[in-house]
Amino acid sequence: MSATAQSLYTSQPGISKQIRLLEDELGVEIFARSGKHLTRITPAGETIIEAAGEILRKVEGIKRMAQEFSNQRKGDLSIATTHTQARYALPSVIRSFIEEYPQVSLHMHQGTPMQIAEMAADGTVDFAIATEAMEHFADLIMMPCYRWNRCVIVPRNHPLTAVKKLELEYLADYPLVTYVYGFTGRSKLDEAFSEKGLNPNVVFTAADADVIKTYVRLGLGVGIVARMAVDPVADADLVVLDASRLFKSSTTKIGFRKGTFMRGYMYDFVQRFAPHLTRELIDQAMSHSSKADLDALFSDISLPTY
């Protein structure tokens, strides 16, 4: 209640009164109470709040429609993504986008893949860009952007640098430093070890590839990160070992809520990030209602691999 009052620049009693007036008008309680305190949302309240959210998103869509005709190059764009995407995949895209659309305010949110998907599903952001968790939200239209794989990073003079052919069995002999479960394709890594009947000794996990590289440098263990997260200049002190044949590739996707009104610069942003996602293909994706239809739409597209 306090946070709501603060965000609306009004008083807490005023918010309470408006909620009561709405409940009186509807004839149901939206919130259950204990004394003066709200304790939970009632079943009726959950339905009403969900419907109200849809209405507000439609209102926002109407505003965007008007803006598209009044000024096609001015507006807002919100993106939710992981650290790896924000740090390594998006900088050049965002730089060129801002140069082309200086009047578009671009906002980036970082979080876990689940948080990112939730933000897109509830309309908090326009686009979610991630590798994990996107498939759990039926309200999202998900489009594949590119495939990527992992590499192993070790300090110079590490025993693995002398191995002619890297195998999972060798990695299982060392402490490993890698991503937190649920981040950046971590599930594919665990699957690979499991299929071989191996139990990797993961001693440290982080959501940030730069943090992982720091602890590899400290000798904490062998690092496994996304190949795109290795900078040949900044990480010249580390030895990079190809691990693409050891792990299945992962696919980064961009998702947005069904029913989103796509402004011209939104189409442009998507295509800058994934050139194969043309306006026509995005429109086709928006007309498909099921995951199976979307998978079929993109099945013949050859994705770039990094």
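The values are calculated or read from the model by the stated rules, or taken from the named source; none is laboratory data. None of the values given here were measured: they were computed from a predicted structure. Cβ coordinates were reconstructed from backbone atoms using ideal geometry, including for glycine residues, and neighbour counts include every protein chain displayed. Quick note on the areas: whole protein, heavy atoms, side chains included, nothing else; ligands and nucleic acids left out. Shrake-Rupley method; radii C 1.70, N 1.55, O 1.52, S 1.80 Å.
Structural remarks
- Qualifying residue in the stretch 178-186 (condition: over 16 Å from V222 (Cβ atoms), open to solvent by less than 40 Å² (accessible area, probe 1.4 Å) and β-branched (V, I, T)): yes
- Residue, farthest from K253 (Cα to Cα), within the stretch 282-297, restricted to residues that are touching a helix residue (DSSP H, G or I) at 6+ places or on another chain (Cβ under 8 Å) and in contact (Cβ under 8 Å) with a residue 24 or more places away in the chain: H288
- Screening A66, A52 for residues that are at pLDDT below 90 and either of a type in the set (S, T, Y) or closer than 27 Å to V270 by Cβ (or both) leaves exactly one candidate, A66.
- Total residues in the stretch 148-177 satisfying the condition of being surrounded by 20 or more Cβ atoms within 10 Å (Cβ to Cβ), more than 27 Å from the chain's Cα centre (by Cα) and among the charged types (D, E, K, R): the figure is 0.
- Qualifying positions in the stretch 190-205 - open to solvent by 70 Å² or more (accessible area, probe 1.4 Å) and closer than 11 Å to L171 by Cβ: K196, N201
- All positions within the stretch 130-159 that are of a type in the set (A, V, I, L, M) and more than 21 Å from V211 (Cβ to Cβ): M134, A138, L140, I141, M142, M143
- Considering residues of the stretch 206-258 that are open to solvent by 60 Å² or more (accessible area, probe 1.4 Å) and under 19 Å from the mean Cα position of the chain (by Cα) only, the residue nearest to K188 (Cα to Cα): R227
- A296 being among the small types (G, A, S) and either farther than 26 Å from E54 by Cα or part of a loop (DSSP other than H, G, I, E, B) (or both): yes
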